[in-house]
Amino acid sequence: MLALDSARWRTAWDEVMAGFVPGLASLEGAIGTATESVLGRSPTRVLDLGGGPGVLATRMAERWPEARVTMIDIDPVLLALARGGVPDAVTVLDADLGEPDWTGTAGDGYDLATAVMTVHYLRPERIRALYRSCHRALNPGGLLVVADLMPDDGLPFVSAALNPAPGEAAAELAWAQWWGEVASAFDDLMASRAEVFRDRPAANFAGSVAWHVAAARAAGFSEAGLLWRDGRHAALVALA
Ligand SMILES: C[S@@+](CC[C@H](N)C(=O)[O-])C[C@H]1O[C@@H](n2cnc3c(N)ncnc32)[C@H](O)[C@@H]1O
């Protein structure tokens, strides 16, 4: 794979993700501001869960040049793109966030853990377990930020088919096109990818913010609430 292609695919991934979450840039700004204001300094160790090709991990390493950023993913194609593109300050780990032993690989002592558009892959009980693991991995006073589809509290979640968000069909198309293009360059890894997700189909769980707050509190976080919202997407922030 040419380094040039890797850079192009990572940039295109960013555009695809922004199609799903139009306010992605404002979310990243909110994560940065909340972290610096709660810690009273820049974080020194950051964990990005389900980091995909490492675009957020890279931007966090750029925002906080003194920080070590660790990202975890399980997708062999996205891990290859991350390894081909992240700066030295970012460590890329292959681990399953649906199993508790990822913490053994990632270690602890983190100031900030992020999970952007990752937890909807997991079933509710796995998300609760993930929050418990994050609480152990974070320093006291550290932050967990989880952004995903989180319907407004009190309203039932209706599927995108019944209630398509503006631009969602275009985002799905862009996602399919991105994977189609990347697949042609990663024949071997696409086969491993299919194997990885055969046993782990996306749960597509979309709990409300209240659900995530309750799960974070039950996992030991002292405070938890809404950090950010943009339409059906929202971000939980929880303090360890
Ligand atoms: C929609 S992508 C978001 C990627 C990245 N956070 C971003 O915002 O660009 C979801 C990510 O979660 C990862 N993922 C899903 N299930 C996982 C699991 N069980 N363990 C680790 N990563 C997982 C996927 O491989 C994918 O990279």
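The values are calculated or read from the model by the stated rules, or taken from the named source; none is laboratory data. Note that the structure is predicted; figures quoted are calculated from it, not measured. So basically every Cβ, Gly included, is an ideal-geometry build from the backbone, and we count neighbours across all protein chains shown. The accessibility values were calculated without ligands, DNA or RNA, using every heavy atom of the protein model including side chains. Shrake-Rupley method; radii C 1.70, N 1.55, O 1.52, S 1.80 Å.
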Given the criterion within 24 Å of residue 10 (Cβ to Cβ), of a type in the set (S, T, N, Q) and open to solvent by 60 Å² or more (accessible area, probe 1.4 Å), identify the matching residue among 70, 58, 114, 105. 105
Out of the residues in the stretch 184-235 meeting the condition of being of a type in the set (D, E, K, R) and within 16 Å of the ligand (Cβ to nearest atom), tell me which one is nearest to residue 23 (Cα to Cα). 230
Residues of the stretch 92-132 satisfying the condition of being part of a loop (DSSP other than H, G, I, E, B) and within 13 Å of the ligand (Cβ to nearest atom): 95, 96, 97, 98, 99, 100, 101, 117, 118, 122, 123
The stretch 120-145 residues that are β-branched (Val, Ile, Thr), paired with ones that are open to solvent by less than 10 Å² (accessible area, probe 1.4 Å) (beta carbon under 6 Å, 6 or more apart): 127/119; 145/31; 145/114; 145/235
Residue list for the stretch 204-240, filter: more than 14 Å from residue 142 (Cβ to Cβ) and of a type in the set (S, T, N, Q): 204, 208
Output the number of the condition that residue 139 fails; it satisfies all remaining conditions of (1) within 29 Å of residue 7 (Cα to Cα); (2) in contact with an Asp or Glu (Cβ under 7 Å, 6 or more places away or on another chain). (1)
